[in-house]
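Below is one structure, written out as structure tokens; comments come after it.
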Amino acid sequence: MALQKFKFAILMLISLMMCALFFYSPSQLSVQAQQPTGSIPTVTGTPLGVIVNVDPSLPFVNVYSGPSTYLYPSIGLLLGEQEVSAYGYSEDGNWLQIYYPGVPDAVAWVYAPYMKIKKPGSLPVLDSPSTPTPASTPTIDPTLQAAFIVPVTSTRLPTFTAPAPLSLSSFEENSDSATQLPVGLLIFGLGFIGMLGVAISFLRGR
């Protein structure tokens, strides 16, 4: 009898332990570890001011770091009809400074005739930013330059020698031509005498 009571007590103890494990919840434990603290950044909206948008007839326009296409590099683009906030005009009035996130100070410049003012307002005249300094200054290597430069050797022109003077034939007048008979007249006279002799011989023969 006593043995049966002992077994019954053990079974009851095991049953109570199983019930306790079944209803156990870890969330009931209190965590004493220190929670990390941090600051939540405050998000501030960008002031709108004057709103401009890209001319609808253009698919896109280039955006520059300054009011010039020659002195400043291109840093992005705006799509057609895209709206942005404008801060002011350049000194010559041809460029608009706009809000352009993703670049230093979130400002850029766009050519003003490509933009249309959607929300009018007064815009001040702004100074141009400093031109960017090139990362490196190109230099010419004298050794490399000498390899591609062909030396030009000066040649002396031949000495000019004047030609010999041209000798022209000169004819002297014959002073005795007035006392001499012409050659044609002499030939005509001889021919006439010959013909006369032939005629005389012909007449004698008859």
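Among the criteria (1) free of Cβ contacts under 8 Å to residues at least 12 places away in the same chain; (2) under 14 Å from TYR114 (Cβ atoms), the one TYR70 does not fulfil is (2). With respect to being part of a helix (DSSP H, G or I) and in contact (Cβ under 8 Å) with a residue 12 or more places away in the chain, PRO132 falls outside the description.
Selection within the range 96-113: residues that are within 11 Å of ILE75 (Cα to Cα) and aromatic (Phe, Trp, Tyr). The member of this set that is surrounded by the most Cβ atoms within 10 Å (Cβ to Cβ) is TRP109. Report whether or not SER136 is modelled with pLDDT under 75 and farther than 30 Å from ILE75 by Cα. In short, no. Scanning the range 168-206 for residues that are among the hydroxyl-bearing types (Ser, Thr, Tyr) and at pLDDT below 75 yields SER169, SER170, SER175, SER177, THR179.
The values are calculated or read from the model by the stated rules, or taken from the named source; none is laboratory data. No experiment lies behind these values; they were computed from the predicted model shown. Please note: Cβ atoms are built from the backbone with ideal geometry, for glycine as well, and neighbour counts cover all protein chains shown.
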